[in-house]
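Asker: Take a look at the following structure, please.
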Amino acid sequence: MPTPASPRPARTRNPRGEGGRLRDDIMAAATELLDESGESSVTLRSVARRAGVAAPSIYRHFPDQPSIMLAVVQQAFAMLDAELRTAMDAAGSDARGRLFAFCNAYLDFADQHPGRYRTMFGGAWMPDLGSSSVTEGDVSSLGAESLTLLADTLDDCVRAGCATSSDPVADAVALWLGLHGLAHQRLVTVAFPWPADIAERLITTLAHLNDA
């Protein structure tokens, strides 16, 4: 993988009708910079340099830097959703097992993609609404699919008799906040004696699960 300062060779112009490839290249460059050096390294100039294009070429696909970051974050959420569903499918039909599969896959994603995870849930890239091309609808939709999946999975646990939640939607939000807090602290805490079963304790409590 190239270093943050390394540009790609100058990019040849796409044949007519292949402009989407440039958009993908821009997003890939932004994601590489984010993974390597953090959110602050993702500027229009650095993305253009990494993608091997002239900076004005970016404006054909993205009106500003926040719109690039939004696309990267949307792609990261799509990746998260896919990994959550894969983990749940592998867990089979047991409702409790599927809930734990979801939660553990969520924590694994945060651990494996720390730069993207931090950026997915806020950061300097997110502008004041109205000051860029990013809209309130863009922001409010982030993570909606994974949260809905979590609520549905918790509701399945209630229907299966292994959880006592009276409001799976509200408890799914509480459970997500717990998972997010644990994921964040694991990323930023240099040394802490985490109990080996801390994730299980958190999930069991916030999901109102019965004893196995």
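Asker: Which one of LEU70, LEU84, LEU33 is touching a Lys or Arg at 6+ places or on another chain (Cβ under 8 Å) and of a type outside the set (D, E, K, R)?
Answerer: Details: LEU70 fails: touching a Lys or Arg at 6+ places or on another chain (Cβ under 8 Å); LEU84 fails: touching a Lys or Arg at 6+ places or on another chain (Cβ under 8 Å).
Criteria check complete, one pass: LEU33.
Asker: Going by the conditions given, is SER146 over 18 Å from TYR106 (Cα atoms) and of a type in the set (S, T, N, Q)? So that I can check it myself, show each step before the final result.
Answerer: Working: over 18 Å from TYR106 (Cα atoms): no; of a type in the set (S, T, N, Q): yes.
So SER146 does not fit the description; no.
Asker: Something else now. Tell me which residues, restricted to the range 21-50, are in a helix (DSSP H, G or I) and in contact with a Leu (Cβ under 8 Å, 6 or more places away or on another chain). Give the steps one after another, and end with the answer.
Answerer: So in the range 21-50, the residues in a helix (DSSP H, G or I) come out as 21-37, 39-41, 44-50.
Hits for the range 21-50 are SER41, SER46, VAL47, ARG50.
Asker: Moving on to the next point. In this structure, is ALA76 surrounded by 20 or more Cβ atoms within 10 Å (Cβ to Cβ), assigned by TED's automatic domain parsing to the domain that holds CYS157 and at pLDDT 95 or above? Reasoning before the result, please.
Answerer: Details: surrounded by 20 or more Cβ atoms within 10 Å (Cβ to Cβ): yes; assigned by TED's automatic domain parsing to the domain that holds CYS157: yes; at pLDDT 95 or above: yes.
In short, yes.
Asker: Then there's this: Any idea which of SER67, SER93, SER132 is part of a loop (DSSP other than H, G, I, E, B) and either in the same structural domain as ARG21 (by TED's automatic domain parsing) or under 24 Å from ARG45 (Cα atoms) (or both)?
Answerer: Details: SER67 fails: part of a loop (DSSP other than H, G, I, E, B); SER93 fails: either in the same structural domain as ARG21 (by TED's automatic domain parsing) or under 24 Å from ARG45 (Cα atoms) (or both).
When all the criteria are applied, what remains is SER132.
Asker: Suppose we filter LEU187, LEU179, LEU149 for residues that are under 18 Å from TYR117 (Cβ atoms), of a type outside the set (Lys, Arg) and modelled with pLDDT under 95; which single one remains? Reasoning before the result, please.
Answerer: Working: LEU179 fails: modelled with pLDDT under 95; LEU149 fails: modelled with pLDDT under 95.
On inspection, the qualifying residue turns out to be LEU187.
Asker: Looking at ALA110, ALA151, ALA172, can you tell me which residue is surrounded by 12 or more Cβ atoms within 10 Å (Cβ to Cβ) and touching a residue at least 40 places away in the same chain (Cβ under 8 Å)?
Answerer: Numbers: ALA151 fails: touching a residue at least 40 places away in the same chain (Cβ under 8 Å); ALA172 fails: touching a residue at least 40 places away in the same chain (Cβ under 8 Å).
None of the others qualify; the one that does is ALA110.
Asker: Kindly indicate whether GLU136 is touching a residue at least 24 places away in the same chain (Cβ under 8 Å) and not aliphatic (A, V, I, L, M). Show your work before the answer.
Answerer: Details: touching a residue at least 24 places away in the same chain (Cβ under 8 Å): no; not aliphatic (A, V, I, L, M): yes.
Considered against the rule, which asks whether it is touching a residue at least 24 places away in the same chain (Cβ under 8 Å) and not aliphatic (A, V, I, L, M), GLU136 comes out as no.
Asker: Shifting gears a bit: Outside the structural domain of GLU36 (by TED's automatic domain parsing), in contact with a helix residue (DSSP H, G or I) (Cβ under 6 Å, 6 or more places away or on another chain) and part of a helix (DSSP H, G or I): which single residue out of ALA82, ALA170, ALA87 fits that description? Give the steps one after another, and end with the answer.
Answerer: Numbers: ALA82 fails: in contact with a helix residue (DSSP H, G or I) (Cβ under 6 Å, 6 or more places away or on another chain); ALA170 fails: in contact with a helix residue (DSSP H, G or I) (Cβ under 6 Å, 6 or more places away or on another chain).
Unique residue meeting the criteria: ALA87.
Asker: Still on this model: Taking the condition assigned by TED's automatic domain parsing to the domain that holds PHE77 and within 17 Å of MET79 (Cβ to Cβ), does GLY143 pass?
Answerer: Details: assigned by TED's automatic domain parsing to the domain that holds PHE77: yes; within 17 Å of MET79 (Cβ to Cβ): yes.
It is true that GLY143 is assigned by TED's automatic domain parsing to the domain that holds PHE77 and within 17 Å of MET79 (Cβ to Cβ).
Asker: Can I ask one more? Restricting the first residue to the range 193-212 and requiring it to be buried (at least 17 other Cβ atoms within 10 Å of the Cβ), which pairs with a second residue that is among the polar types (S, T, N, Q) and not in a loop (DSSP other than H, G, I, E, B) meet a Cβ separation below 9 Å and a spacing of at least six or different chains?
Answerer: ALA199/ASN104; ILE203/ASN104
Asker: Would you mind finding the one in GLY115, GLY137, GLY97, GLY92 that is at positive phi and either small (Gly, Ala, Ser) or modelled with pLDDT of 90 or more (or both)?
Answerer: On the way: GLY115 fails: at positive phi; GLY137 fails: at positive phi; GLY97 fails: at positive phi.
From the options GLY115, GLY137, GLY97, GLY92, the qualifying one is GLY92.
Asker: Something else now. Within the range 51-64, track down each residue that is part of a helix (DSSP H, G or I) and surrounded by fewer than 16 Cβ atoms within 10 Å (Cβ to Cβ). Explain how you work it out, then say what you get.
Answerer: Pass one, the range 51-64, residues part of a helix (DSSP H, G or I): 51, 55-58.
Of everything in the range 51-64, those that are part of a helix (DSSP H, G or I) and surrounded by fewer than 16 Cβ atoms within 10 Å (Cβ to Cβ) turn out to be ALA55, PRO56.
Asker: Could you please let me know if ASP156 is among the acidic types (Asp, Glu), surrounded by 14 or more Cβ atoms within 10 Å (Cβ to Cβ), in a helix (DSSP H, G or I) and not assigned by TED's automatic domain parsing to the domain that holds GLU39?
Answerer: Working: among the acidic types (Asp, Glu): yes; surrounded by 14 or more Cβ atoms within 10 Å (Cβ to Cβ): yes; in a helix (DSSP H, G or I): yes; not assigned by TED's automatic domain parsing to the domain that holds GLU39: yes.
For ASP156, the condition - among the acidic types (Asp, Glu), surrounded by 14 or more Cβ atoms within 10 Å (Cβ to Cβ), in a helix (DSSP H, G or I) and not assigned by TED's automatic domain parsing to the domain that holds GLU39 - is met.
Asker: Right, next: Determine if the range 93-105 includes at least one residue that is loosely packed, with under 12 Cβ neighbours inside 10 Å, more than 20 Å from MET79 (Cβ to Cβ) and of a type in the set (Gly, Ala, Ser).
Answerer: From the range 93-105, those loosely packed, with under 12 Cβ neighbours inside 10 Å are 93; that's our starting set.
With the extra rule that they be more than 20 Å from MET79 (Cβ to Cβ), the set shrinks to 93.
Filter again for of a type in the set (Gly, Ala, Ser), leaving 93.
Within the range 93-105, one or more residues are loosely packed, with under 12 Cβ neighbours inside 10 Å, more than 20 Å from MET79 (Cβ to Cβ) and of a type in the set (Gly, Ala, Ser).
The values are calculated or read from the model by the stated rules, or taken from the named source; none is laboratory data. In this text, all values refer to a predicted model and were calculated from it rather than measured experimentally. Heads up, the Cβs are rebuilt from the backbone with ideal geometry, glycines too, and the neighbour counts pull from every protein chain shown.
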